[in-house]
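Working notes, beginning with the structure itself.
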């Protein structure tokens, strides 16, 4: 009976949405006019773009419009790229997910050195104190080395037993950034290019450099609920997010990346299965993603990845039954992108 009621509710919501929004374009326009959506939205089925639309301004002061080719800071979507690189090193027998931080990063001084494994890092279950949480943007507003950043912000005490609980933070993936470099003998950017960007021919994806931002990177804006206005983000160095949020990309490049992951083009089928294994005892984490067997408007298994630093916000969903890919990138924090993604899913 409960399953019948749930299915009926989903159908009613779907019919309501179809009545409210005649098509994909009207949905995006409505979200732009009523909820301040500023960005790009893409819906693909079996890797083929069904609908896409760019709307709003890339640079408000200069009235420069957003285009589908516009580059966005993708924030924590970076974590999927990092997870792929980790799994590639595992495939090449250079890294063992069950070995501790100290096995690869002997200079690490945190309490978790000989207790926290790469698996714990990938599932946010390290138990390492999240020192940056209470500091807002301060850790990211001054350029320092990766080693110094880890020493200051990612080497705290253990506040949970490793593996006992998933608690989301950037800490784990910043440590993984260091492990990747030590294990491969290459910089994060070099390995990213070698393993992902060049094989997939991603021409508009890379690591942020605040001294030389890529051409076409949109300006990001923070929305004030009280004043009802957008103001340019406060300055920060995107590269200081390291392997947890230091990248930019376009919507189309992310679709190519999505398809490569879910068709085993970047990793073997076995490694991809390991990457996508859902750990329901650890907050339904996969490696880089979260997973669900069905929730809300989604009546099928799907994976999702959000991202957000000030006004740079993003949402990415891949469904396993209908093989839909939904990617939404915005240069403001004014809109609930997950809600928009759900409505995109129901329209098609």
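The values are calculated or read from the model by the stated rules, or taken from the named source; none is laboratory data. Since this is a predicted model, take the numbers as computed values, not measurements. Cβ: placed from backbone, ideal geometry, glycine included. Neighbour counts: every protein chain shown.
Here residue 264 clears all of (1) more than 22 Å from residue 346 (Cβ to Cβ); (2) touching a residue at least 12 places away in the same chain (Cβ under 8 Å) except the condition numbered (2). Remark: residue 27 matches the filter, which requires a residue to be assigned to a helix (DSSP H, G or I), in contact with a helix residue (DSSP H, G or I) (Cβ under 8 Å, 6 or more places away or on another chain) and closer than 21 Å to residue 346 by Cα.
Of all residues in segment 307-345, those that are in contact with a helix residue (DSSP H, G or I) (Cβ under 8 Å, 6 or more places away or on another chain) and surrounded by 18 or more Cβ atoms within 10 Å (Cβ to Cβ) total 23. Restricting attention to segment 60-78, does a residue exist that is at pLDDT 95 or above and over 28 Å from residue 229 (Cα atoms)? Scanning segment 60-78, I find at least one residue that is at pLDDT 95 or above and over 28 Å from residue 229 (Cα atoms), so the answer is yes.
For segment 39-67, filtering for residues that are under 20 Å from residue 347 (Cα atoms) and touching a strand residue (DSSP E or B) at 6+ places or on another chain (Cβ under 8 Å) leaves 15. Residues in segment 189-225 that are in contact with a helix residue (DSSP H, G or I) (Cβ under 8 Å, 6 or more places away or on another chain), crowded, with 18+ Cβ neighbours inside 10 Å and either outside any loop (DSSP other than H, G, I, E, B) or touching a residue at least 60 places away in the same chain (Cβ under 8 Å) (or both): 191, 192, 195, 196, 204, 206, 207, 208. The lone criterion from (1) in a helix (DSSP H, G or I); (2) under 21 Å from residue 97 (Cα atoms) left unmet by residue 139 is number (2).
Screening residue 148 with (1) assigned to a loop (DSSP other than H, G, I, E, B); (2) at pLDDT 95 or above; (3) loosely packed, with under 14 Cβ neighbours inside 10 Å gives one miss only, at (1).
Pairs only if they're at least six apart or on different chains, beta carbon under 6 angstrom, first in segment 64-78 and within 15 Å of residue 28 (Cα to Cα), second at pLDDT 95 or above and part of a loop (DSSP other than H, G, I, E, B); list them, first residue then second. Listed pairs, sorted by first residue: 66/56.
Residue-by-condition table, conditions (1) assigned to a helix (DSSP H, G or I); (2) at pLDDT 95 or above; (3) farther than 25 Å from residue 276 by Cα; (4) touching a strand residue (DSSP E or B) at 6+ places or on another chain (Cβ under 9 Å):
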residue	(1), (2), (3), (4)
113	no, yes, yes, yes
131	no, yes, yes, no
152	yes, yes, yes, no
164	no, yes, no, no
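Quick one: in segment 93-105, which of the residues that are in contact with a helix residue (DSSP H, G or I) (Cβ under 9 Å, 6 or more places away or on another chain) and in a loop (DSSP other than H, G, I, E, B) is nearest to residue 175 (Cα to Cα)? This residue is 105.
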